[in-house]
1. May I ask you to list the residues in the range 59-82 that are touching a residue at least 60 places away in the same chain (Cβ under 8 Å) and within 14 Å of A215 (Cβ to Cβ)?
2. Of the residues in the range 226-275, how many are of a type in the set (A, V, I, L, M, F, W, C) and in contact with an Asp or Glu (Cβ under 9 Å, 6 or more places away or on another chain)?
3. If N217 passes every condition in (1) in contact (Cβ under 8 Å) with a residue 60 or more places away in the chain; (2) more than 17 Å from C118 (Cβ to Cβ); (3) polar (S, T, N, Q); (4) out of contact with any Lys or Arg (no Cβ under 6 Å at 6 or more places or on another chain) but one, which one does it miss?
4. For residues in the range 247-270 being in a helix (DSSP H, G or I) and of a type in the set (D, E, K, R), which is nearest to N229 (Cα to Cα)?
5. Exactly one of (1) surrounded by 16 or more Cβ atoms within 10 Å (Cβ to Cβ); (2) over 17 Å from the mean Cα position of the chain (by Cα) is unmet by A146. Its number?
6. Between F237, F265, which is in contact with a helix residue (DSSP H, G or I) (Cβ under 8 Å, 6 or more places away or on another chain), at pLDDT below 95 and not small (G, A, S)?
7. Of the residues A115, A17, A43, only one is free of Cβ contacts under 8 Å to residues at least 24 places away in the same chain and small (G, A, S); which?
8. Going by the structure shown, is A264 farther than 16 Å from V190 by Cβ and assigned by TED's automatic domain parsing to the domain that holds G122?
Amino acid sequence: MAVYTEVTDDELAPLIADYGLGELLSYKGIAEGVENTNFLVHASKGTYILTLYERRVDPADLPFFLGLLQHLSERGISCPLPVRNRAGEMLTKVAGRTAAIMNFLEGVWPRRPRAVHCAAVGRALAELHLAGRAFPLKRRNALDLAGWHALFERFSSRADEIAPGLGNLIAYELAHLDRVWPKGLPGGVVHADLFPDNVFFIGDKLSGLIDFYFACNDAWAYDLAICLNAWCFEPDFSFNATKGRTLLAAYQSLRPLTAAEVTAFTTLARGAALRFLVTRAHDWLHTDAGALVKPHDPNAYVRRLRFHQEVESPSEYGLERPQ
């Protein structure tokens, strides 16, 4: 989340009225993330999030994203629920951008995740995967292996501005994954970006999942590998095996992995690390100078990738092959 487009009182007040939310009391930009413009809006009938869609979000994908949120909410997943305006529509226009208003979820995201957080996230991810099975719409993962190649082409000549040898590291890993990337694994709807800042807690209780704008159809175990990368490494980039075992066990308490998923997990973890290395490197070199956002350091995922390259068995993550 970030602020790329400014909105005035004169634009926002009639919008709030059109959504039946009462009188506009106050609003402020949320300067986190890199994808969309977001505002926290206080109205006389409650607190809401206004999102203006920018950058990578294709307006044609919005029915998938918003429909998925409604589908998951109806099945007990705590996630933002789109608000409809007086015409019954979830989408509108603000400051020349396609926009939507969501209900506000209480809670804070954990700055230093502990094992208890990892357990809650593992269960929540499995619940999301199971709840999404009946969702009728489909969306291809635009940031799959082919997407990583395309994105790398945009900055390959400048990659070493970030770190010496980074271009060769990414090229090597892309070639490796081209040879070994698994196919035919169980899958369906995935969140694809379930980082700590997209998960809210009240105390140690998970209160909500947010930011579904990378959601798509892909292998469920790949989504789990993204979570492992996001939640189970320490600030010094060392892998926390206790957190890893806890997250994986909690997930499997609801949806056990197949033998094929366990076998592929080391490759999936490498791919998940490369995915965020490539996108962060691209954004590091291309984020608009005037945006109220600080791009994420891609070097954090260089360290993760190098760790995964040395892993020889899924048991090092806490996974054992089914008997």
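1. First pass over the range 59-82, keeping only residues touching a residue at least 60 places away in the same chain (Cβ under 8 Å): 61, 63-65, 67-69, 71-72, 77-80.
Within the range 59-82, D61, P63, F64, F65, G67, L68, L69, H71, L72, I77, C79, P80 meet the criteria.
2. Residues of the range 226-275 that are of a type in the set (A, V, I, L, M, F, W, C), as a first pass: 226-228, 230-233, 237, 239, 241, 247-250, 254, 257, 259-260, 262, 264-265, 268-269, 272-274.
The next check asks that each one be in contact with an Asp or Glu (Cβ under 9 Å, 6 or more places away or on another chain); those that pass are 226, 230, 239, 241, 254, 262, 268, 272-274.
So the answer is 10.
3. Tallying (1) in contact (Cβ under 8 Å) with a residue 60 or more places away in the chain; (2) more than 17 Å from C118 (Cβ to Cβ); (3) polar (S, T, N, Q); (4) out of contact with any Lys or Arg (no Cβ under 6 Å at 6 or more places or on another chain), N217 fails exactly one: (4).
4. For the range 247-270, the residue satisfying everything is R270.
5. Exception for A146: condition (1).
6. Details: F265 fails: at pLDDT below 95.
None of the other options fit; the residue is F237.
7. A17
8. No: the conditions fail for A264.
The values are calculated or read from the model by the stated rules, or taken from the named source; none is laboratory data. These numbers were taken from a predicted model, which means no experiment stands behind them. Because the Cβ atoms are built from the backbone with ideal geometry, glycine has one as well, and the counts that use them run over all protein chains shown.
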